[in-house]
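Here is the structure we will look at.
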Amino acid sequence: MLDRLLAPFRRADTPRPDAAETPAPPAAASPQPRSQASGGGPAQAATTRGDVERLVDTGEVAAAFTEAYGREPVGVWRAPGRVNLMGEHTDYNDGLVLPIALPWGVTLALAPTGDGTAEVRSAQRPDEDVRFATADLDPEAPLGGWGSYVAGVFWAAREAGHLPADAGARILVDSDLPVGASLSSSAALECAVLLALADAHGLADLAGDRPAMAVIARRAENGYVGAPTGILDQSASLRCTEGYALNLDCRTGAAGAVPFDLEKAGLRLLIVDTRVEHKLSDTTGGYAARYEQCTRAARELGVDALRDVEDVDSALARLDDPVLKDRVRHVVTEIHRVNAAVGLMRAGALGDLGAVFNASHISMRDQFAISTPELDLAVETAVAAGARGARMTGGGFGGSAIALVPEDRLDRVGKAVADAFAENGFRAPALRAALPSPGARRLR
Ligand code: GLA
């Protein structure tokens, strides 16, 4: 069914049959045109566990490694992208988030070396090999491009005292995640590299500590790449589990797994990639501005973080700037919506999540001002065509929306969204249906 629905988009969106988006980072660090970063052939529909398993082909990646480097890798690792079900722009406010891991991600093969150098090749970017000496990495002069995400992990792992000076690697990266679609392709790359390094170099204290790994992967992004993001994406990739959403407290790092059995509920999660690329690593852009506004509002309110605002109305009465009032209202109510969503999921009332999705989208559109005409159209059209609810997901300013759709309305909703985009002169969206999938892991 979904195959039929997706077929026309595959033809338009898939630049090459063998896959896969580049594993690279958001646009600011990446010269790649967005047109190469959409759609992914048969990988697009993953509505059964079998679909998900078929996406993971470790044999090909290991063989590509051997061809590239003339030796065998010691292992193959995979780290997924994510969609966040609820809790947007709450992570850097010490709040709550609720992501699931996607069936799509970054797969890499690695062999450790003791020569203090790294060589990294990408199946998606055969002309852009990356090489660096790990001792020379300088966050004041990052490598740039997709290599920054790999180099940043070496830098952050060394800074944290985990990676010895002479630890190097040969790496081959493959990816079936689109870039710039708010599905965390950069975090997937960072987490795959970090997990592989920890395993292959025997960093035992790190390898068993997923929360600590998420902190290091985030530090790579903040401290080396220069994107002022929170800890949502890296935690999702490293800590999510199959069939569950991750209810994460971003202040304490405490997390619980919340059942999200879409199949049992007769629902599907449709991801609408608007193919308007979002950018996070732009320190003067909208994401950084939201971060700054939230920090300023917390300071004016005399709290450590907006998480600590207890009574929203009295907090708003103490602020003069109407923009800050809007930002605070979103963050505080969004944290409550995470709790509401978790309650409904624990009660097995997945369909009722739709109303919370809708409220969250309106808050992001009107109070936090991070939506776009394409995201609004995707959300409104999906709901009008029979979705139980829909919202943009991730950082905003482009990227993807998610819709909770009864199984038997998936075709109708997907077609309605695609038609509405065409009627409005927008690029054809890329449509994917996903199940909550396993977090980062060693495959062999
Ligand atoms: C991006 C960032 C995350 C988070 C989300 C919004 O994905 O990387 O840290 O702030 O946006 O929820």
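The values are calculated or read from the model by the stated rules, or taken from the named source; none is laboratory data. Just so it is clear, the model here is predicted, and its values are computed rather than measured. Don't worry about glycine lacking a Cβ; one is built from the backbone with ideal geometry, like all the others, and counts go over all protein chains shown. Quick note on the areas: whole protein, heavy atoms, side chains included, nothing else; ligands and nucleic acids left out. Shrake-Rupley method; radii C 1.70, N 1.55, O 1.52, S 1.80 Å.
Taking region 190-211 as the range and being under 18 Å from Pro112 (Cβ atoms), in a helix (DSSP H, G or I), away from the ligand (no atom under 15 Å from the Cβ) and touching a residue at least 12 places away in the same chain (Cβ under 8 Å) as the test, the residues that pass are Ala192, Val193, Leu194, Leu195, Ala196, Leu197, Ala198, Asp199, Ala200, Asp205, Leu206, Ala207. Being closer than 15 Å to Gly152 by Cα, within 16 Å of the ligand (Cβ to nearest atom), open to solvent by less than 10 Å² (accessible area, probe 1.4 Å) and in a loop (DSSP other than H, G, I, E, B) holds for only one residue in Ala187, Ala214, Ala227, and it is Ala227.
Just name the residue that is surrounded by the most Cβ atoms within 10 Å (Cβ to Cβ) out of those in region 152-184 that are assigned to a helix (DSSP H, G or I) and aliphatic (A, V, I, L, M). Only one residue tops the list, namely Val153.
Are any of the residues in region 133-152 within 30 Å of Asp273 (Cα to Cα), among the charged types (D, E, K, R) and more than 16 Å from the ligand (Cβ to nearest atom)? Looking through region 133-152, none of the residues is within 30 Å of Asp273 (Cα to Cα), among the charged types (D, E, K, R) and more than 16 Å from the ligand (Cβ to nearest atom).
Scanning region 363-382 turns up one or more residues that are open to solvent by less than 10 Å² (accessible area, probe 1.4 Å), aliphatic (A, V, I, L, M) and over 21 Å from the mean Cα position of the chain (by Cα). With respect to the conditions (1) touching an Asp or Glu at 6+ places or on another chain (Cβ under 7 Å); (2) at pLDDT 95 or above, Gln124 lacks only one, and its number is (2).
Select from region 389-419 the residues that are open to solvent by less than 10 Å² (accessible area, probe 1.4 Å) and more than 16 Å from the ligand (Cβ to nearest atom) and list them in ascending order. Within region 389-419, Gly389, Ala390, Ala403, Leu404, Val405, Leu410, Val413, Gly414, Val417 meet the criteria.
Scanning region 312-331 for residues that are open to solvent by 50 Å² or more (accessible area, probe 1.4 Å) and either of a type in the set (A, V, I, L, M, F, W, C) or at pLDDT below 95 (or both) turns up Ala317, Val323.
Residues in region 230-239 that are open to solvent by 10 Å² or more (accessible area, probe 1.4 Å) and part of a loop (DSSP other than H, G, I, E, B): Ile231 alone. Residue selection: Pro112 fails the criterion of being outside any strand (DSSP E or B) and either touching a Ser or Thr at 6+ places or on another chain (Cβ under 6 Å) or crowded, with 17+ Cβ neighbours inside 10 Å (or both).
Out of curiosity, is Ala101 more than 16 Å from the ligand (Cβ to nearest atom) and either open to solvent by less than 20 Å² (accessible area, probe 1.4 Å) or part of a strand (DSSP E or B) (or both)? It is false that Ala101 is more than 16 Å from the ligand (Cβ to nearest atom) and either open to solvent by less than 20 Å² (accessible area, probe 1.4 Å) or part of a strand (DSSP E or B) (or both).
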